[in-house]
Amino acid sequence: MKILFLCTGNSCRSQMAEGWARHLHGDFIEAYSAGIEKHGMNPLAVKVMAEAGVDISRQKSKVTAELPVQQFDWIITLCDHANETCPYFPGRKIHKGFADPPRLAEDAKSEEEVLLHYRRVREEIRAFVEALPAFLQEEEKKEWTS
């Protein structure tokens with residue numbers, strides 16, 4: 001199953017989701033991520049994923065036109081901006097928004113406080129991706145019964 005995780009800058013949330021999908025469901029999900037814009041990899045996202053045993057350091061920030069695949073079974077938008085401005089892709093689209101760690105950490109007083117925000121979002125994305133196969137099966141059932 002080919003899944004595209006899409007957010008605004010492809011620097012943090014979508015990169016985490018791609019990393020988790022490859023780590024947790026690599027035998028079932030062919031994961032990709034992209035952004036509406038390209039902001040570069042967020043080093044703190046790389047750091048907190050490494051803490052959890054997932055290496056995303058080789059992933060690259062990219063826009064949708066740079067993807068090697070252009071047809072996906074599912075497009076999952078991870079922020080409101082991407083949901084509202086998502087380019088057209090064949091496939092089914094769902095939205096599951098997550099808070100933006102850099103924005104959450106704007107008023108943090110220390111690096112540890114900053115990292116707490118990143119870790120929280122990392123774990124929220126992990127929980128979503130862990131449940132993703134069952135969630136997508138439910139979404140498919142809804143389509144069949146509609």
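Scanning the stretch 135-146 for residues that are open to solvent by 30 Å² or more (accessible area, probe 1.4 Å) and not small (Gly, Ala, Ser) yields 135, 137, 138, 139, 140, 141, 142, 143, 144, 145. Within the stretch 59-84, the set of residues being in a loop (DSSP other than H, G, I, E, B) and among the polar types (S, T, N, Q) comprises 59, 61, 70, 71.
Against the condition in a loop (DSSP other than H, G, I, E, B), closer than 19 Å to residue 3 by Cα and free of Cβ contacts under 8 Å to residues at least 40 places away in the same chain, how does residue 53 come out, does it pass? Here the answer is no, as residue 53 does not meet what is asked. One residue stands out among those in the stretch 18-50 that are closer than 14 Å to residue 101 by Cβ and in a loop (DSSP other than H, G, I, E, B): the one that is modelled with the lowest pLDDT, which is 39. Once the stretch 118-129 is narrowed to residues that are crowded, with 17+ Cβ neighbours inside 10 Å and aliphatic (A, V, I, L, M), the residue that is farthest from residue 21 (Cα to Cα) is 121. Just one residue in the set 115, 132 is open to solvent by less than 100 Å² (accessible area, probe 1.4 Å), touching a residue at least 60 places away in the same chain (Cβ under 8 Å) and over 16 Å from residue 50 (Cβ atoms); that residue is 132.
The values are calculated or read from the model by the stated rules, or taken from the named source; none is laboratory data. Everything numeric in this text was worked out from a predicted model, so none of it was measured. As a convention, Cβ positions derive from the backbone with ideal geometry for all residues, glycine included, and neighbour counts pool all protein chains shown. Remember, those area values only see protein heavy atoms, side chains included, never the ligands or the DNA or RNA. Shrake-Rupley method; radii C 1.70, N 1.55, O 1.52, S 1.80 Å.
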